[in-house]
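A.B. asks: Structure in structure tokens, see below.
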Ligand code: GLV
């Protein structure tokens, strides 16, 4: 068995796979062409086109992340090769922390206190009961589910939304177009954790953002493509006026249409936008490697398991 690994710190992944499969040849994508050729498996995060096209014998591709958008968008992706992806290899916990931080940031007015501090203004803000702060969570995959239930345990009413009907203890689950309207109409804070697929791209444009209650906030740790950035800037209102707010009160954004977010993006300078550099839920090495080892065993034993459906994009 030959495995080619393509990711930052690939040598650490290779060492772990070497250990788990002593008879296998495990190389990184920076090995020579001869060493890479005729691999059985590619374990990769956002592989370059050449790496996909040079491989003609692949039995499987293991996506070293939860989102498969970059892989599926690659013109080099071979047809018919089964693809598997990391499914909450320990990302859900950090993601829930990130989202909880964001919800509390707006719920307890830390955005307003930051502004007041710049003006040396001492004004305690009123605290609403959590029961009056419904949080919408769009996307109830392995990570979205955990986030939704963490918020529910923290005391917030949670409105979950997915394409197909789901049931989750403690979460008021909605689905389909009408379900989305119901969630948007009530969410004081909206969290987007959907994959980037043809159906979700641009999901939140001007019309849907306007459906949110006046003064709602947005947290996007999912994918940049879910949100029309121009519509978001419009909904946030005047960037020159620190105190004014548009229909939306603020946004915490971790992902963008273009990453790194270009220095010229007005999002960087908007006073009501908080930006983090796609760090909400880094892939933890140990959990991820265990999943990759499990997948390789399953592939080699011809077991059946869930693969990515390129048509739906997840
Ligand atoms: C990170 O963004 C991932 O998809 O795992």
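A.B. asks: I want to verify a result. In a Gaussian network model of the chain, Cα cutoff 10 Å, which of these has the top mean-square fluctuation: 78, 195, 22?
C.D. replies: 22
A.B. asks: What is the angle, in °, between the Cα long axis of helix 176-186 and the longest principal axis of the Cα atoms in the chain? Nearest 10 is fine, range 0 to 90.
C.D. replies: Tilt relative to the chain: about 40 degrees.
A.B. asks: Also, quick follow-up: Could you order peptides 123-131, 199-207 by the average number of other Cβ atoms within 10 Å of their residues, highest first?
C.D. replies: The packing order, highest mean first, is 199-207, 123-131.
A.B. asks: Cα gyration tensor of the range 227-314, axes a ≥ b ≥ c as square roots of the eigenvalues: rounded (a/c below 1.5), prolate (a/b > b/c) or oblate?
C.D. replies: Prolate, because a/c is 1.5 or more and a/b exceeds b/c.
A.B. asks: Something else about it: Starting from 0.36 nm per residue, how many nanometres of slack lie between residue 35 and residue 130 once their C-alpha separation is accounted for?
C.D. replies: Full extension from residue 35 to residue 130 adds 28.4 nm.
A.B. asks: What is the angle, in °, between the Cα long axis of helix 10-20 and the longest principal axis of the Cα atoms in the chain? Nearest 10 is fine, range 0 to 90.
C.D. replies: Long axis of 10-20 versus the principal axis of the chain: about 60 degrees.
A.B. asks: Between the alpha-carbon centers of the range 140-157 and the range 4-33, tell me the distance in whole angstrom.
C.D. replies: 35 Å
A.B. asks: For a test of the definition: using alpha carbon positions, the gyration tensor, and the 1.5 limit on a/c, classify the range 1-99 as rounded, prolate or oblate.
C.D. replies: Since a/c reaches 1.5 but b/c is at least a/b, the shape of the range 1-99 is classed as oblate.
A.B. asks: Which order do the peptides 182-188, 233-239 take when ranked by the mean count of other beta-carbon atoms within 10 Å per residue, highest first?
C.D. replies: Averaged packing, sorted descending, gives the order 182-188, 233-239.
A.B. asks: How many angstrom lie between the Cα centre of the range 111-133 and the Cα centre of the range 218-285?
C.D. replies: Centre-to-centre distance over Cα atoms comes out at 21 Å.
A.B. asks: Could you order peptides 300-311, 32-43, 243-254, 64-75 by the average number of other Cβ atoms within 10 Å of their residues, highest first?
C.D. replies: 243-254, 64-75, 32-43, 300-311
A.B. asks: Take every DSSP beta bridge with both residues inside the range 92-275 and express the antiparallel ones as a percent of the total, to the nearest 5.
C.D. replies: Values: 1 of 25 bridges.
So the antiparallel bridges amount to about 5 percent of the total.
A.B. asks: What does the convex hull of the alpha-carbon atoms of the chain project to on average, in nm²?
C.D. replies: 17.4 nm²
A.B. asks: For the residue pair residue 20 and residue 275, what label-to-label distance in nm results when each label sits 7 Å from Cα along the Cα-to-beta-carbon direction?
C.D. replies: Those two pseudo-labels are separated by 3.7 nm.
A.B. asks: Rounded if a/c is under 1.5, else prolate if a/b is larger than b/c, else oblate: which is the range 92-275, with a ≥ b ≥ c the root eigenvalues of its Cα gyration tensor?
C.D. replies: oblate
A.B. asks: Between residue 59 and residue 12, what length in nm is gained on full extension when 0.36 nm per residue of separation is reduced by their alpha carbon distance?
C.D. replies: Gain in length upon complete extension: 14.6 nm.
A.B. asks: Please determine, in degrees from 0 to 90 and to the nearest 10, the orientation of helix 142-153 with respect to the longest principal axis defined by the Cα atoms of the chain, where the helix direction is its Cα long axis.
C.D. replies: For 142-153 against the chain, the angle is about 30 degrees.
A.B. asks: Got the relative contact order for the range 92-275 handy, in percent, Cα pairs under 8 Å and 6 or more residues apart?
C.D. replies: Taking the mean separation of contacting Cα pairs over the length of the range 92-275, I get 17 percent.
Computed from the coordinates by the stated procedures, all read-outs in this text should not be read as laboratory data. Keep in mind that this is a model prediction, so the values were computed, not measured. Cβ coordinates were reconstructed from backbone atoms using ideal geometry, including for glycine residues, and neighbour counts include every protein chain displayed.
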